[in-house]
Structures are given as structure tokens and as C-alpha cells.
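The values are calculated or read from the model by the stated rules, or taken from the named source; none is laboratory data. Small disclaimer: the values here were computed from a predicted structure and weren't measured. Every residue, glycine as well, gets a Cβ built from its backbone with ideal geometry; the counts of neighbours run over all protein chains shown. Please note that ligands, DNA and RNA were not included when accessible areas were found on the heavy atoms of the full protein model with its side chains. Shrake-Rupley method; radii C 1.70, N 1.55, O 1.52, S 1.80 Å.
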Amino acid sequence: MATVALKSVKKSYGDINIIQGVDLDIQDREFVVFVGPSGCGKSTLLRMIAGLEEITAGELKIDGKVVNDVPPDARGLAMVFQSYALYPHMTVANNMGFALRLAGVPKAERDAKVKDAARILQLEPLLQRKPGQLSGGQRQRVAIGRAIVRQPKVFLFDEPLSNLDAALRVQMRIEIARLHSSLAATMIYVTHDQIEAMTMADRIVVLRSGKIEQVGTPLELYHYPANVFVAGFIGSPKMNLVPVKVQSAGADGITIVLPGGGTAMIPVQSSNAAAGSAATLGVRPENVAISADGPIAGEITVVEHLGGETLVYVNVGEGPFITVKAGGDSAANVGARVRLSLKTDEANVFDTNGAAMVPKVRKPLADLEKRGH
Amino acid sequence: MASKAQKKIGLAVLGWVVALLVFFPLIWMALAAFKTEIDAVSSPPKVIFDPTLENFNAVFERVNYGNAVFNSIVESVGATLICLIFAAPAAYAMAFFPGRKTKDLLMWMLSTKMMPAVGVLVPMYLIFRSTGMLDTRTGLVIVYTLMNLPIVVWMLYSFFREVPKEILEAARMDGARPRQQLLLLLLPLSLPGVMSTALLSIIICWNEAFWSINLTASNAAPLTQLIASFSSPEGLFWAKLSAASLLAIAPILVFGWVTQRQLVRGLTFGAVK
Ligand SMILES: Nc1ncnc2c1ncn2[C@@H]1O[C@H](COP(=O)(O)OP(=O)(O)O)[C@@H](O)[C@H]1O
Ligand SMILES: [Mg+2]
């Protein structure tokens, strides 16, 4: 059992408010990912949970107990740092057993626990080496091992994979996901990489400038972003965010004027949208298609063949290029004039303030929401 | 344009010239120590002479060399150890938990070294007299500790700053209290730096003359005081003075020679790491 609850948690350095009131409930055994652009306060928030930074205001509870003033080691957490932060003068075994040694655990018991953790992470042959004699991936595994040995209630990860090369990152990502299910532990994971967030999380917390923008499952965030920021941040290739004008709002949805003058009706609740006001149409590249009778006209500017799929960038005269995800066998040519059609029931509309209009019908997001439980 | 080889030769020549300039007085003193008093002051100076050990005999007869060596060791090593005990926690706090005033504090500590010692000689002397610390080892150790504390804190501070702060944070998560962080992580991790700090502090104490001459006479007198006692009122005896000086600097010269690699390694620690 390990739940973490944050209530109006704030952090300031002098006059600067870094974390501006965060409310969050993390369930037992949940894998929660904090994601957001660099400098948005992810690390600060994680370090406040860890006890490495003081909490300026608000309440942090672990397992229902307020721990604002409890020192880091007494919170029952373990943290894995981006820089690994191994003790360079100790062997791998001593690195992993350091916390137990400080806690006065007898050597035999300590060795057994270190061995167990080393077996889980395939570190057994490296136990007598020093960190300097290990590769980056091995060091990262030792850092994770050091966390496992303590059998913490909650694991905290601060961008643990960002110093690894791409191939290793994918491998470690899978390994951490595997650990999460085999250890049945609560994990909080910080990353600026939305792909890591999408692939690993039970729930994603999107942060911007010290505020939560949205909390939800990866698919919730993907299909129903709460605002323009989340829409643009989650998903790769990025969602198309097209500036449009509201023509009329009715019971069935909102009719918008697209670049070039064409119109489209998007089925969202739009009672407060005034005719003539500006809005943003959000549509994923896979929901745009090249088709002769589409409402938007444009010219193909760039074509990226990725093998299994093709990304086509279309200049529609105003606003940013629109990205179209087409099949791997797409015959799109640079310079060709094309028309684009939209899957309107998969599209999002954001009002002048960037907030999403609620869709008329919300599709069930399959069983995927309950992943891992 | 000078070629690479020419530059190298130029640098080598320059190096030798500087080294000879620095070493000349030492060599001169070493030679004088083995001359008779008459040879030592003869003009033009004699380079070839009959070496004699009579100066050394005279020194050993007149003063307790062994006691002075003992005092020098006890006072310099003692002061250095006490310095480290006080400086390490201070440097730890300043390096890892700096406050708004930490930089000012460091500057202020260093600025105390700019003050001429003679400025506080009279109050120091009076304090020492009334507390009965004149000519005691304890007294001199206290003075040396206070004298070196700023430098030792500064050096430890800069060595500690080389240690990534995440390592200490990981240790905090692992349950290490400040004392354990200091003893189990910081000191071992910056050992070369700590060693060279200690060596430098020992050397500074060993060479210190102002306080030892003014605050000690015989009991607690280290080697520097012993040399000074040879510039006696009966007139200068160059050869004996040289012999005494040679005896005084010999131990630290050997010490410096033996530890020079450690010293250089520590002082360039970080730059090459
Ligand atoms: N000790 C500090 N004093 C002042 N500002 C800080 C301090 N530490 C971090 N910050 C600021 O807090 C913000 C959030 O930092 P951080 O949590 O590291 O962001 P992230 O991990 O999301 O990239 C940054 O703008 C950073 O400049
Ligand atoms: Mg960060």
C-alpha cells in the first residue's frame, strides 16, 4: 500500500513561484508520469515529494500521513537520479547496500538483499566493480538496483533515461515497465519526453510553468486534450493546430471557417462560442487525408517517407503547414496541389482562451485505460 | 616565428634561471653551514673550502634541537588536525547549503588574512600572558589553528564543490546524516584535495616565525624560534646561523620532497579530473 497525495502544494524561491498550487492523488501501484517542457518544475515537484526540497505551502501525504517535515529517508521512498549519482569510491555491491548499512542491517542480510536486487537487474557479474568501470546503461541499472534494495513504498525517477542513447533508452523503458509490474510498487516518473510518458504511464500529469494542465490516461490525453498546450505537447507527429473562425454554433456542433474559406462542422458543445470569434481546430495527422472533395486546398511542401507511413506537409496559405499521415505507399509529390479532408468526429476545437470544447460523444477508450491493474 | 623546439628550449632556460634564483640562497646557506666562521664571511666568497661539522656541534651544544623538532611537529600537525575538524563541517555547509551571505562570509574569512599580524601582537601577547599560555604548545597550536582556518576552509570548500550535489542527495535519500555524508562520502571523494590541504597547512605552520618568536622562548619553541635565537646579540655568526637554519628546514624539505606528488595532485584536483 502506498498512496501519495498532494494538496495545494506550492514552492517559491524568494518571490518566484516555481510550483503554483498542485493537487494530485496518486493511487497504490500506479505508474504516474510528470511530463512537461524543460524548466516547468517537474524535478522540483518530484524533489519536494522526495524531501530534498522544502514545501513552501500545502500538504504532502504518503499513505495518508502528512510528511511535509519528515526527512527524506524516513518517507519510505527511493529516488533514481538523471546523473545516476552513484558513490564513485564504492563497489556496485556497496552502492546498493549503502542505505541498509546506514540503517544498521546485519551484513549477511544486507548481502542477501543486494544479491536479490542484482539478480533482478542482471547485475550479478558487476557487483565487485566500481561505477567508473561501468557503461552508462549499467550505471543506470545500478542506480535502479540501489533503489530496489531499500524496498521503498514509492519509486521516484527523475529523467533516468535521458543520458542514454536511443536504443538503450527503449530497452530500459521496457525494463522499468517490467519492474513496475513485478515489484507492484507505486512509481512517479519525470520526463520531458512525451513518448516515454505515453508508453510507460498509467496516468500522465502534464505540467506547465508550475501548474498542472491536465491529468489523465495516455489515451485520454491523446484523444481529449483539455487545452491547446496539452494538444500540442502530447503526440508525435504533433497535432495540427489550425487557426479558424467560428461561423455558427448550434445543437449539433460548431461550424468553423477553415483556411481558404471552406467550412466544417465539428460535433462539440459550443454554446458559448460567439459567431465571428477566433478558435483553434485541433486535428491529429492521422485524421487528415488527401482527398479530392476535401474542404481545405493547399500545396504539398515536404514529403517524409518513413517506410510504414508517410508524413506529408501541406501549405494551406495561412497558419502553419498541415501534417497529413498517409500510408507507406503514398504517391504524394512535392509541389502537387491537393485538397484535404478531416475526420470531424475525431477533431477538437479550442476556444479563444485555448480551452477545449467538450465533444458531443465521448468514445470509450477501450480497456486500455485499465492497463496494469 | 619561433619554432616549437626553440620555444621549448626558451622555456627550459627560463625555468632553470628561475629555479636557480630561488635555490641560490638555500644552496649558499647549505654551503655556509659547512664553512668555518672566517670562510663564511670571506670576500670574495670561497666556493672551495675545507668542510667542517663544528657549526653543527656548536648548535647541538647550545640548543635542544630535538625538542624544537618535536615542538614543530606537534604544533604544525596538531594545529592542522584541529583546523580540519573545524573546517570540514564549515566547508560542507557552505558548499552544499549556501545561504545568501555565504560568499560574503568566505570573502570576509579570507580578508582576515590581509591584516598584518603585528597589528594584534600587543593584545595577543597580553592575553597569552594573563592566561598563562606564553611559551606553551597549547597556546601556539591555538594561534596556528586560527591563523590557518580561513585558508583550510577555503580549500576544502573548493574541493567539496567538485563533488556533484546529487551524490549527497542520494545519500540523504539513503539515510545518511550530515556527519556520515562528510565522513563516508565527502572526505573519501575529495581525499587528494584534503591531503594537499593538510600538507599545505603543515608547511605553513612549520615555516611560521612571527608568532613563534614572539610567544615562545624555549619550552614550546619550534624550529623557527631556534633559528632566530642564533641571530644573537654577540654579533652574527653566519656559519652557525646557517647550520641552525639548515637543521630547521631539513625536515620540512624532506617532507615536501616526499609529498610533492600528492601536493601537486591535490592542487590541480578538478582541473585534470
Ligand atoms: N534553487 C533554485 N532557485 C531558484 N530557482 C530555481 C531553483 N531551482 C530551480 N529553479 C527554477 O525552477 C524552475 C523549475 O526547475 P525544474 O524543476 O528543475 O524544471 P524541470 O525539471 O521541469 O526542467 C526553473 O525555472 C528553475 O530555473
Ligand atoms: Mg528536471
Using alpha carbons only, how many degrees (0 to 90, rounded to 10) separate the axis of helix B:121-130 from the longest principal axis of chain B?
-> 90 degrees
Any idea what the alpha-carbon Rg over 2.2 N^0.38 Å comes to for the range B:1-106?
-> 1.89
Roughly how tilted is helix B:191-207, in degrees to the nearest 10 and between 0 and 90, from the longest Cα axis of chain B?
-> 30 degrees
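Summing +1 for each Lys or Arg and -1 for each Asp or Glu, what net charge is found among the other residues whose Cβ lies under 14 Å from the Cβ of residue A:13?
Values: positive: A:10, A:11, A:47, B:100; negative: A:15, A:53, A:54.
Summing Lys/Arg as +1 and Asp/Glu as -1 gives +1.
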What is the average number of partner chain Cβ atoms found within 10 Å of a Cβ in A:94-103?
-> 3
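Just need the relative contact order of chain A here, percent rounded to a whole number, with Cα pairs under 8 Å and 6+ apart.
Numbers: 804 pairs, mean separation 55.9, N = 373.
Answer for chain A is 15 percent.
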What average number of partner chain Cβ atoms lie no more than 10 Å from the Cβ of the residues making up A:145-153?
-> 1
In degrees rounded to 10, the 0-90 angle between helix A:166-183 Cα long axis and the longest Cα principal axis of chain A is 70 degrees
Select from A:344, A:322, A:357 the residue farthest towards the positive end of the dipole of the range A:240-370; place +1 on Cβ of Lys and Arg, -1 on Cβ of Asp and Glu, and compute about the Cα centre.
-> A:357
In vacuum, with every alpha carbon of the range B:86-169 counted as one equal point scatterer, what does the Debye formula give for log10 I(q)/I(0) at q = 0.11, 0.19, 0.20 Å⁻¹? Two decimals, please.
-> -0.41, -0.88, -0.93
Give me a single rounded figure for B:159-172: the average over its residues of other chain Cβ atoms within 10 Å of their Cβ.
-> 5
Rg and Dmax of the protein assembly as shown, Cα atoms only, in Å | 36.9, 121
Expected 222 nm ellipticity per residue - DSSP helices of 4 or more, -39500 (n - 2.57), all of chain A, to 500 | -7000 deg cm²/dmol
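Taking 45 Å as R0, compute the FRET efficiency from the Cβ-Cβ separation of residue B:5 and residue B:97 and round it to 0.05. Before the final figure, lay out each step's value.
Working: r = 52 Å, r/R0 = 1.16.
After rounding to 0.05, the efficiency reads 0.30.
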How long is chain A along each principal axis, judged by its Cα atoms, biggest number first, in Å?
-> 76, 46, 40
If amide H atoms are modeled at 1.01 Å from N in the peptide plane, then the residues at a separation of 5 or more from residue A:79, or on another chain, having amide H under 5 Å from its own are A:156
Within the range B:136-173: backbone nitrogen closer than 17 Å to the residue B:77 label point (7 Å, Cα to C-beta) | B:137-138, B:141-142, B:145
Ordering of B:146-159, B:52-65 by packing [mean C-beta count within 10 Å, highest first] | B:146-159, B:52-65
Per-bin percent of Cα-Cα distances, the range A:191-323 [10 Å] | 11, 35, 35, 18, 1
Obtain the nm distance between the two label points defined at residue B:177 and residue A:309 by a simple spin-label model: each point lies 7 Å from its Cα along the Cα-to-C-beta direction.
-> 5.7 nm
Taking the Cα centre of the range A:4-228 as origin, work out the dipole magnitude from +1 charges on Lys and Arg Cβ and -1 charges on Asp and Glu Cβ, in debye rounded to 20.
-> 720 debye
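With contacts defined as alpha carbon pairs under 8 Å and 6 or more residues apart, what's the relative contact order of chain B in percent?
Details: 262 pairs, mean separation 83.4, N = 273.
That works out to 31 percent.
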Restricting things to alpha carbons, find the Rg to Rh ratio for the range B:125-273 using the Kirkwood radius for Rh.
-> 1.11
Added length on full extension, which subtracts the Cα-Cα distance from 0.36 nm per residue, residue A:10 to residue A:57 | 16.4 nm
Sorted largest first, extent of the range B:146-197 alpha carbons per principal axis (Å) = 37, 19, 14
Provide the per-residue ³J(HN,Hα) series for the range B:94-109, in order, calculated from phi with Karplus coefficients 6.51, -1.76, 1.60 and θ = phi - 60°, each as a whole number of Hz, with x at glycine and proline positions.
-> 6, 6, 10, 10, x, x, 5, 9, 4, 4, 4, 4, 4, 4, 5, 4
Alpha-carbon centroid distance for the pair the range B:147-208 / the range A:1-25, whole angstrom = 35 Å
Centroid-to-centroid separation of the range A:50-65 and the range A:282-308 [C-alpha atoms, Å] | 48 Å
Choice from B:24, B:160, B:86 showing the highest fluctuation, given a GNM over chain B with Cα pairs closer than 10 Å | B:24
Can you give the net charge of the other residues whose Cβ lies under 12 Å from the Cβ of residue A:228, counting K and R as +1 and D and E as -1?
-> 0
Can you give the longest stretch of chain A with no exposed loop site, where a site means GluC sites (Glu not before Pro) in a DSSP loop (not H, G, I, E or B) with at most 16 other C-beta atoms within 10 Å?
-> A:55-317
Taking the range A:230-296 as the region of interest, what is the percent of Cα-Cα pairs per 10 angstrom bin, listed from the shortest bin to the one with the maximum distance?
-> 20, 48, 30, 2
Per residue, what volume in Å³ does the convex hull of the Cα atoms of the range A:203-269 enclose?
-> 111 Å³
Stokes-Einstein D in µm²/s, Kirkwood radius over Cα pairs - the range A:163-217 at 20 °C with 1.002 mPa s viscosity = 173 µm²/s
Quick one: if you stick a label point 7 Å off each Cα along the C-beta vector at residue B:60 and residue A:219, how many nm between them?
-> 9.6 nm
Computed ³J(HN,Hα) along the range B:17-32: with the Karplus parameters 6.51/-1.76/1.60, θ = phi - 60°, integer Hz and x for glycine or proline, the list is 4, 4, 4, 5, 4, 5, 8, 3, x, 5, 5, 4, 5, 4, 5, 4
Please compute the net charge surrounding residue A:162, taking Lys and Arg as +1 and Asp and Glu as -1 over other residues with Cβ under 10 Å from its Cβ.
-> -3
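Report the percentage of all Cα-Cα pairs in chain B whose separation exceeds 31 Å, rounded to a whole percent. Can you show the working numbers first?
Values: 16121 of 37128 pairs.
Cα-Cα pairs in chain B separated by more than 31 Å: 43 percent.
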Phi-derived 3J(HN,Hα) across the range A:184-199 with the Karplus relation (6.51, -1.76, 1.60, θ = phi - 60°), rounded Hz, x for Gly and Pro, is 6, 10, 7, 10, 10, 10, 9, 7, 9, 9, 5, 5, 4, 4, 4, 7
With solvent modelled as a 1.4 Å probe, how much accessible area in total do chains A and B shield from it at their shared surface, in Å² to the nearest 100?
-> 1700 Å²
List the residues whose amide H sits under 5 Å from the amide H of residue A:248, counting only those 5 or more places along or on another chain, with H placed 1.01 Å from N in the peptide plane.
-> A:255
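Based on the Cβ-Cβ distance of residue A:274 and residue A:163, what FRET efficiency does E = 1/(1 + (r/R0)^6) give at R0 = 56 Å, to the nearest 0.05? Show your work: numbers first, answer last.
On the way: r = 50 Å, r/R0 = 0.89.
The formula returns an efficiency of 0.65 here.
Using alpha-carbon pairs under 8 Å, 6+ residues apart, how would you state the relative contact order of the range A:240-370 in percent?
Numbers: 322 pairs, mean separation 36.7, N = 131.
About 28 percent, as a whole number.
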